[in-house]
Amino acid sequence: MNKHNQDGAVSGVVISLVFAILLLLGAIGFGAWAYTSRQDYKDNVDAKVSVAEEAARKDESIKKDKQFVEDYKKPLKTYIGPDAYGSLVITYPKTWSGYVDDTGTGNATVDGYFAPGIVPSKEDKDSVFALRVQIVNQTYSQTLKALESKQEDGKLKAEAYALPKLPKVVGVKVTGELDSQKTGTMVILPLRSQTLQIWTEGTQYLNDYNNNILPNFSFSP
């Protein structure tokens, strides 16, 4: 019986010794890892700081470049249309050019094309315009009715919209397929017996459209 107790005591000692050895090995391993990591940081800290500083400089440079581009667009240019067609006031970046037919003899009584630099050909189906403005010879309800099928097919999304300078003139803003060849964002508003349409093609100039064009656009209802 005494021999059995001794065997049990020996087994307990062995288990404790093994556990202590495992803890020691773990501590040694952790210490080695911590030392290696510390040594790596110590050896490479200058290089790491240099990389971080270079990344920060590049980020700051990109931000400054973007800000410069935005600032260079100002002061904005202004087009004022004939009284007979609502006295449109179109404000756009000075780095853009514009062409507006406001003679009332075309398919639209006012038909405007705007783009950075030189206005591309309106005859070229691949031309992309930063801004298009039209007063079309049909009523607001007729214009919306023509868009119903595209809304039902999910090709257009529509929401109520009013220009910031004319909050009482409520129309719609649509996004999606404007025609069979172009996508974009368009604001449609009633203008007397006709309809005013203001849109940008694609998404490239959407920030200008939302931040410079629409907030400054106005007309005489």
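A few points about this structure:
- Accessible solvent surface per residue of the range 70-142, calculated while the other protein chains remain in place, 1.4 angstrom probe, Å²: 52 Å²
- Cα-Cα separations in the range 114-213 greater than 21 Å, expressed as whole percent: 34 percent
- Phi angles across the range 172-182 convert, under the Karplus curve 6.51 cos²θ - 1.76 cosθ + 1.60 with θ = phi - 60°, into 3J(HN,Hα) values of 9, 10, 10, 10, x, 7, 7, 8, 5, 10, 10 Hz, Gly and Pro given as x.
- Amide H contacts under 5 Å for T109: I135, N137, restricted to partners 5 or more places along the chain or on a different chain, H placed in the peptide plane at 1.01 Å from N.
- Cβ-derived FRET efficiency at R0 45 Å, I28 paired with V128, nearest 0.05: 0.10
- Stretched out straight at 0.36 nm per residue, the stretch from T175 to T203 would grow longer than its current Cα-Cα span by 9.1 nm.
- Taken one residue at a time, the phi angles of the range 105-117 give Karplus couplings (6.51, -1.76, 1.60, θ = phi - 60°) of 9, x, 5, 10, 5, 9, 9, x, 10, 9, 7, x, x Hz. Gly and Pro are set to x.
- Atom-type composition of the exposed protein surface of the range 130-221 places 47 percent of the accessible area on carbon and sulfur (1.4 angstrom probe).
- For W96, nonlocal amide neighbours, meaning residues 5 or more places apart or on other chains whose placed amide H falls under 5 Å from its own, are G117.
- When each of K77/K155; K94/K165; K77/K150; K74/K173 is checked by Cα-Cα distance, pairs over 31 Å: K77/K155; K77/K150
The values are calculated or read from the model by the stated rules, or taken from the named source; none is laboratory data. Because the structure is predicted, anything quoted here is derived from the model rather than measured. With ideal geometry, Cβ positions are generated from the backbone for all residues, glycine too; neighbour counts draw on all protein chains shown. The area values use the complete protein model at the heavy-atom level, side chains included, leaving out ligands, DNA and RNA. Shrake-Rupley method; radii C 1.70, N 1.55, O 1.52, S 1.80 Å.
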